[in-house]
Every structure is written in C-alpha cells, then in structure tokens.
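Asker: So that we are looking at the same thing, I have put the structure below in structure tokens.
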Amino acid sequence: MSETFYNEIINEHNLNPYHKHSIEGANFTLEGVNPSCGDDIILNLKVDESGIIVDGAYEGDGCAISQASADIMLDLVIGRSRDEALHLADIFMRMIKEGITDEEKEELEEAGILESVSHMPARVKCAVLGWRTLTEMFE
Amino acid sequence: MTPAENDIRAEFPLINSNTVAYLDNAATTQKPQCVLDAVNSYYVNSNANPLRGLYDLSLKATQAYEDARNAVAELIGAASDEIVFTRNATESLNLIAYSYGLHNLREGDEIIVSVAEHHSNFLPWKNVAEHTGAKVVYWDCEPDGYLNPDTLTGLIGDRTKLVAVTHVSNVLGRVNDIRKIADIVHTHGALVICDGSQSVPHMKTDVHDLDADFFVFSGHKMYAPMGIGVMYGRRKLLDAMPPFLYGGEMIETVTKERVTYAEVPHKFEAGTVNAGGAVGLHAAIDFVNRYGYELIESRERELTDHAFDAMSRMPYITIIGSEKSDEHMGIIAFKVEGVHPHDVTAIFSDANIAVRAGHHCAQPLHKHLGIMSSTRVSFAFYNTMEEVDRFLEVLESIRSRMGIM
C-alpha cells in the first residue's frame with residue numbers, strides 16, 4: 001500500500017484543531033459549503049481598525065482535508081493584515097490549481113504540505129474551502 | 001478462484017486490464033466484451049436511422065432496436081408495447097412525472113414518496129406538486145430501513161393518487177415488498193411507481209408479480225452502455241398519456257392544423273433513438289440470462305455475507321439499515337466512527353479500491369437516519385472474495401491511518 005496523503009500534520013490538525021471553536025466579537029463571518037460532499041465551515045474573523053486579523057476561528061463539519069486546511073490557514077493568517085491574508089490565499093489557490101515558485105511556497109509555511117492535493121482532483125474542493133471562504137469574505 | 005469465477009471475470013476487459021477492486025456497482029457496472037461487441041457490430045453492420053427508411057439497412061436497424069425491446073419485455077414480464085426506451089431511470093421517472101403527473105394531478109391530491117427514494121424518484125414528484133398544487137407526503141422508514149406497510153396504510157387515503165417507492169434502496173440495499181405495497185395502493189385507486197434500478201441487475205423481476213403500474217430501470221447498472229434506460233407502464237395508462245417530448249418519429253400525421261400521435265411506445269420516443277444503446281442492453285440481458293439470476297444472486301449473496309459478517313464484528317463500524325445481512329441486496333452503506341466518509345473513500349482509493357462516499361443522491365434518507373453522509377460498498381457477481389478481503393483489510397486500518405488510536 002502506498003503512503004496516503006493523511007500524514008501526521010493533517011491528522012493532528014483534523015483531530016486536535018487549534019482554531020475550531022466560537023469566538024467573541026467577530027466582525028467578519030461567512031459560511032463556506034461544498035454541496036456535493038457536505039463539507040461545511042463557518043469562518044469567523046475579528047479584524048481591527050488597521051485591518052489586522054487579530055483573532056479567528058472556524059466551526060463546521062467535513063472531511064479531514066477541509067478541516068485541517070482551514071485550521072492551518074488560521075494559523076497562518078492570524079496576526080496578518082487583510083491584504084496579506086488575501087495574498088496568501090491567492091498563492092494557496094494557485095499552488096493547488098497550477099503550481100507556484102519555491103519562494104511562494106515558503107510564504108505558505110505549513111500550508112505548503114497541502115501541495116500534493118493538486119494531484120487529487122477529487123479533493124481540491126475540500127482543500128480550498130477555507131481559503132475560498134476567506135477570499136469571498138474580504139473581496 | 002473457482003473456474004466459473006475466472007470465466008466471468010475474463011468477460012470484462014476493464015477488470016482484466018486493471019487491478020482496481022471495483023466495488024461501486026450500485027453506481028454503474030463494468031461492461032463485458034459481448035456488450036461492447038454488440039454495440040460495435042450494430043454500427044459496423046446495421047446502422048441507419050431506425051423506424052424511418054424503407055431500405056434494407058434501416059429495416060435492419062429497426063429490427064435490432066425492436067428486438068432489444070422484446071428482450072426487455074421478456075426480462076421483466078411485460079408486453080413489448082409497454083416498454084419505452086429512455087436514457088436512464090431518471091429520464092423514465094421524469095417522463096412519468098411530466099406526462100402522467102402534470103396532466104392527472106390537481107390541487108388537493110397527494111403523492112406519497114418513500115423516504116428511501118433516490119432523488120430521481122423524489123424531485124420529479126416535488127416538481128409535479130409545485131406545478132399542480134398537489135402535496136408530497138413522506139413515507140418514513142423504520143430505523144433499520146424497513147418501509148412498514150402499516151405506516152403506508154396510515155398515510156394513504158382518497159386524496160392519494162401516486163405512491164413512489166423503490167424496489168431496492170441504493171443505500172439500504174433492502175428489498176421492499178412491492179406486491180404488498182401495490183395491494184394497499186390499488187385499494188385506494190392510486191398508482192405505484194416503482195424504481196427497479198437496483199433490483200433488475202441483481203434479481204428476477206416481473207412487473208405483473210410486483211403489480212407495479214410503472215416500473216423503471218437503467219441499462220448501465222446491469223452491464224449495458226450508459227445512455228439507455230427503460231420505462232414500463234401499463235398499456236392503458238400509456239395510451240391515455242400525452243407525449244413527453246415532441247418531435248420526429250412520434251407522430252402518425254402532422255398538418256398545420258392537426259397532429260395525430262404514433263401508437264405507444266413510439267409516442268414517447270421522439271427524435272432519433274439510441275439504437276446502439278438498445279442493442280447493447282439486449283446483449284447485456286443475454287449476458288445476464290447466460291449466467292442466470294440464480295448464479296448472480298448466490299455469488300452476490302456470498303460476497304455480501306462475507307463483507308457484512310466481518311464488518312459487523314469490527315468496532316467503530318456502523319452499518320446503515322438492517323442488522324441482518326440477508327436484508328442487504330449486495331449493498332452495504334456504513335460509517336467509520338471519527339472519520340469522515342470522504343476520507344474513508346480516499347483511503348480506499350489510495351489502495352486501488354473503488355467505493356462511493358456521500359449521500360448517494362438520497363439526502364432525505366440520510367437526514368431521516370440522522371447522518372450527513374456515508375460510505376457505500378456494492379457488489380456485482382464478477383467481484384471476488386479476494387477483493388472483499390482487500391476491502392476489509394483496508395477498512396480495519398482506516399482509523400489508525402487517520403491518527404485515531
């Protein structure tokens with residue numbers, strides 16, 4: 001049997017997510033759904049006057065990839081500005097859909113491990129759910 | 001492997017050229033060489049537009065198409081003029097809904113739909129209800145998937161015009177007693193629309209024994225090509241129904257003022273038909289008859305029992321529907337505690353095992369049973385015990401591979 005995609009990092013974020021809970025004072029909320037698979041997340045962000053994401057969390061239900069990806073995303077974007085978050089989401093989407101440079105991948109930090117999803121067409125929607133929701137929220 | 005098993009598998013080119021354990025047969029089956037050859041031979045030797053030309057080739061094409069209709073009629077115990085070719089079961093059900101439903105139902109009428117229906121035997125009726133003012137009434141199953149006729153008796157009444165029910169659920173795998181249901185429905189002067197998509201490929205069916213008023217199935221779930229399906233309807237019902245699609249080869253005469261429609265079944269087959277598909281279905285029926293339902297059923301029973309028994313003993317596995325293996329007709333939908341069905345299916349896929357994840361186009365049933373989605377394994381008689389063992393071995397490892405100890 002070959003190695004599956006379900007490595008320790010994904011499993012850890014899925015089983016023990018750091019950001020899967022409710023938060024107080026969120027001023028950006030959006031639900032993202034993949035109707036065909038039933039993945040469903042509600043993303044909540046708290047953005048201050050200077051446009052910095054000071055806190056964020058998600059709630060919902062879905063496969064390990066959708067849940068872990070959202071958790072990893074929040075690790076990355078909390079403490080950054082809206083524009084930085086959008087920039088990272090853009091890199092992430094391109095990583096999954098067409099490919100990115102090594103420098104860009106470094107910017108994604110841990111989220112770079114999801115690159116192998118680009119070879120799994122059935123799971124692309126799961127991996128991008130959180131990032132797509134973040135982008136829609138800010139655009 | 002017994003010699004018989006080798007012989008069966010040797011007939012399927014995809015199985016021979018691929019190491020996949022194909023266990024998603026409720027979605028579609030693989031195609032034997034004899035079916036592919038029959039379709040090919042039709043286009044090589046007999047192709048012309050059926051039912052139109054007077055020259056030899058067109059007569060040959062017509063003959064091949066009508067022979068296929070006769071084979072279908074014989075398979076399910078109907079008369080040939082009660083068999084209408086469609087694209088698939090979904091189109092068959094839509095035909096009944098658009099032609100019979102929209103023209104015969106009115107405000108205040110009720111359509112009873114079992115909660116176990118595939119969306120294709122629910123959404124067309126919802127549409128009829130929205131257009132006519134009729135009401136869809138749900139017939140809920142018991143927690144183990146049993147559609148209790150007593151529940152139906154409590155729901156049915158003078159307002160009931162139609163009852164839509166599947167012969168075998170594509171999630172539960174349970175065989176419903178259509179005859180008993182039809183007896184109740186007919187007492188109230190209503191009609192039974194029965195979905196045979198998951199029964200015809202796996203068991204002997206006879207529309208008169210079932211006493212269904214309409215009965216539909218898809219060719220592709222029983223070794224035929226995709227794009228050919230069947231609608232059976234009682235002749236007197238078909239005669240009274242208006243056409244579904246309008247166009248070529250469904251008329252007798254057309255003038256600017258007046259149209260006379262063709263006799264059934266051609267009234268319902270507007271446009272150039274899928275003769276190649278019908279020929280493929282004919283070959284698939286011959287294929288099924290060559291091995292016989294007895295062999296098909298006994299092999300699928302062995303495979304199902306083997307999987308079911310092992311799965312029942314695994315902690316953290318919940319089987320959807322009956323706790324008895326013999327109430328699963330080659331279909332076992334299940335949950336792995338703590339693991340999303342999509343992850344379950346992805347791990348199977350990684351091991352080159354094809355199973356299905358999701359709601360299987362039966363969201364109301366999943367909701368009724370209190371789950372979002374499930375994973376489904378489904379067998380055809382070309383599957384082997386070795387494939388079931390491969391499936392079981394991976395199933396046992398799933399939780400640990402997801403990091404759950």
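Asker: Taking strands (runs of 3 or more DSSP E) that fall entirely within the stretch B:199-272, which contain at least 3 residues that are without any contact (Cβ under 8 Å) to a residue 40 or more places away in the chain? Show your work before the answer.
Answerer: Details: elements: B:214-218, B:229-233, B:251-254, B:259-261.
Passing ranges, in order: B:251-254, B:259-261.
Asker: Would you mind finding the one in B:Lys180, B:Lys204, B:Lys161 that is closer than 19 Å to B:Leu95 by Cβ, of a type in the set (Lys, Arg) and out of contact with any Cys (no Cβ under 8 Å at 6 or more places or on another chain)?
Answerer: Details: B:Lys180 fails: closer than 19 Å to B:Leu95 by Cβ; B:Lys204 fails: closer than 19 Å to B:Leu95 by Cβ.
Among B:Lys180, B:Lys204, B:Lys161, only B:Lys161 is closer than 19 Å to B:Leu95 by Cβ, of a type in the set (Lys, Arg) and out of contact with any Cys (no Cβ under 8 Å at 6 or more places or on another chain).
Asker: Which one is nearest to B:Ser199 (Cα to Cα), of the residues in the stretch B:295-353 that are touching a residue at least 24 places away in the same chain (Cβ under 8 Å) and basic (Lys, Arg)?
Answerer: Once the filter is applied, the top-ranked residue is B:Arg301.
Asker: Here is a further query. Under the condition of being among the polar types (S, T, N, Q) and either within 14 Å of B:His342 (Cα to Cα) or in a loop (DSSP other than H, G, I, E, B) (or both), which residue from the stretch A:21-58 is nearest to the chain's Cα centre (by Cα)?
Answerer: Let us first name the residues in the stretch A:21-58 that are among the polar types (S, T, N, Q), namely A:22, A:27, A:29, A:34, A:36, A:44, A:50.
Then drop every residue that is not either within 14 Å of B:His342 (Cα to Cα) or in a loop (DSSP other than H, G, I, E, B) (or both), which leaves A:22, A:27, A:34, A:36, A:50.
Details: A:Ser22: 16, A:Asn27: 18, A:Asn34: 14, A:Ser36: 19, A:Ser50: 23 Å.
This residue is A:Asn34.
Asker: Restricting to the stretch B:48-87, name every residue that is under 27 Å from the mean Cα position of the chain (by Cα) and not in a helix (DSSP H, G or I).
Answerer: B:Pro50, B:Gly77, B:Ala78, B:Ala79, B:Ile83, B:Val84, B:Phe85, B:Thr86, B:Arg87
Asker: Further, regarding this structure: Scan the stretch B:172-181 and give yes if some residue there is modelled with pLDDT under 95, assigned by TED's automatic domain parsing to the domain that holds B:Ala73 and under 14 Å from B:Pro364 (Cα atoms), otherwise no.
Answerer: There is at least one residue in the stretch B:172-181 that is modelled with pLDDT under 95, assigned by TED's automatic domain parsing to the domain that holds B:Ala73 and under 14 Å from B:Pro364 (Cα atoms).
Asker: Another question, if that's okay. Go through the stretch B:105-160 and give me each residue that's touching an Asp or Glu at 6+ places or on another chain (Cβ under 6 Å) and under 16 Å from B:His366 (Cα atoms).
Answerer: Once the filter is applied, which keeps residues that are touching an Asp or Glu at 6+ places or on another chain (Cβ under 6 Å) and under 16 Å from B:His366 (Cα atoms), the stretch B:105-160 yields B:Val115, B:Asn121.
Asker: Shifting gears a bit: Of all the helices (runs of 4 or more DSSP H) wholly in the stretch A:59-129, which have at least 3 residues that are within 17 Å of A:His19 (Cβ to Cβ) and in contact with a Phe, Trp or Tyr (Cβ under 8 Å, 6 or more places away or on another chain)? Outline the logic, then answer.
Answerer: Details: elements: A:64-77, A:82-97, A:102-107.
In the stretch A:59-129, the matching helices (runs of 4 or more DSSP H) lie at A:64-77, A:82-97.
Asker: Given the conditions (1) surrounded by fewer than 18 Cβ atoms within 10 Å (Cβ to Cβ); (2) under 20 Å from A:Ala85 (Cβ atoms), report the number of the one that A:Gly56 does not fulfil.
Answerer: Only one criterion in (1) surrounded by fewer than 18 Cβ atoms within 10 Å (Cβ to Cβ); (2) under 20 Å from A:Ala85 (Cβ atoms) is unmet by A:Gly56, namely (1).
The values are calculated or read from the model by the stated rules, or taken from the named source; none is laboratory data. What you see is a predicted model, and the numbers here were worked out from it, not measured in a lab. No Cβ is skipped: glycine too gets one built from the backbone with ideal geometry, and neighbour counts run over all protein chains shown.
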